[in-house]
Structures are given as structure tokens and as C-alpha cells.
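Worksheet: the structure to be examined is printed underneath.
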Amino acid sequence: MLPTITSNVALHVNNDDKDALDEYLASMTRLGQLPEDTLVLPSHGRVFTGLYKRIAAINHSHDKQLEKVHALCRDPGSAWDLSPKLFSRPLDDFNRIMAFGETLAHLEYLHNRGKLAKEMRNGTCYYAQA
């Protein structure tokens with residue numbers, strides 16, 4: 001858990017049987033069982049308190065991202081094609097890869113819940129609203 005940004009919850013292509021976002025959100029639920037005034041020691045960034053408020057902000061951020069991903073899938077798209085549409089700023093190569101993995105995690109989360117259909121075409125996976 002980081003104090004001001006969300007962690008990069010990414011799914012890598014060779015782990016497409018995983019549900020990284022579901023696992024991450026489940027970890028937020030587990031953290032929510034700690035006392036509200038727990039001192040959070042992030043891997044980088046400042047030490048902070050206010051655990052419940054931060055968990056709520058993270059969950060809200062992912063809910064909004066899931067809504068955006070679902071809306072973008074009105075027309076079929078691959079994780080690579082969709083990822084730049086989810087982020088408002090230009091992405092360098094490193095951040096494009098990070099965005100791809102995070103987009104893939106959100107796509108698979110929605111697919112695993114029956115909200116997106118997935119189809120393989122010419123070695124590329126395309127997602128569309130179910």
C-alpha cells in the first residue's frame with residue numbers, strides 16, 4: 001500500500017490464468033481488518049495512518065478504472081490497444097509496459113466475472129463486452 005498512488009497491479013501474459021486484481025482487492029479487505037490507526041510503512045513514500053480512508057480511495061480508483069475498461073470494450077480491443085486509452089498522460093516505453101500489464105489485469109478481472117468476452121485472433125487476445 002502506497003500513500004498517494006495506487007500500486008501497479010499487473011498481469012503478465014504468461015500468467016493469464018491468474019486474477020491479479022482480485023487477489024489485490026482481497027488483500028485490501030484483509031488490511032481493512034487491521035485497526036484504523038495502524039501505522040502503514042510503505043515500500044516507498046512516506047509513513048502514514050488513515051488506513052481505512054486509503055483503502056476506500058484505492059478501491060474507488062479501481063472501480064472507476066473497471067468502469068472505464070468496460071466502456072472501452074464496446075468495440076473489441078486488445079490490452080495493448082486499450083492501455084493508452086486508460087491513462088491520460090503520454091507513456092514512455094517503461095510506463096507503456098506497466099500500463100499494459102495493469103490493463104490486462106483489469107480486463108481479466110472483468111472477464112472472470114462474465115462482463116467481458118475474450119477471443120483469440122492471430123495470437124492476440126481481444127476483449128469485448130459480454
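Since every read-out is calculated from the coordinates, none of them should be taken as a lab result. Just so it is clear, the model here is predicted, and its values are computed rather than measured. All Cβ positions, even for glycine, are placed from backbone atoms using ideal geometry, and neighbour counts span all protein chains on display.
Of note:
- Across every direction, the projection of the convex hull enclosing the Cα atoms of region 58-130 has a mean area of 5.0 nm².
- Cβ charges +1 (Lys, Arg) and -1 (Asp, Glu), total dipole of the chain, debye: 300
- Built from the Cα atoms of the chain, the convex hull projects on average onto 8.4 nm², one quarter of its surface area.
- At the listed q of 0.16, 0.29, 0.33 Å⁻¹, the Debye profile of region 84-124, built from one uniform point per Cα, gives log10 I(q)/I(0) equal to -0.51, -0.97, -1.04.
- Across the chain, the relative contact order, built from alpha-carbon pairs under 8 Å that are at least six residues apart, equals 29 percent.
- Using alpha-carbon coordinates, inclination of helix 20-31 to the longest axis of the chain, degrees: 20
- Neighbour-count order for Met98, Met120, fewest beta carbons within 10 angstrom listed first: Met120, Met98
- Region 64-79 - phi-based ³J(HN,Hα) in whole Hz, Karplus 6.51/-1.76/1.60, Gly and Pro as x: 5, 5, 5, 4, 5, 4, 4, 4, 5, 8, 4, 10, x, x, 8, 4
- In nm, spacing of pseudo-spin labels at Met120 and Leu31 (7 Å Cα→C-beta vector): 3.5
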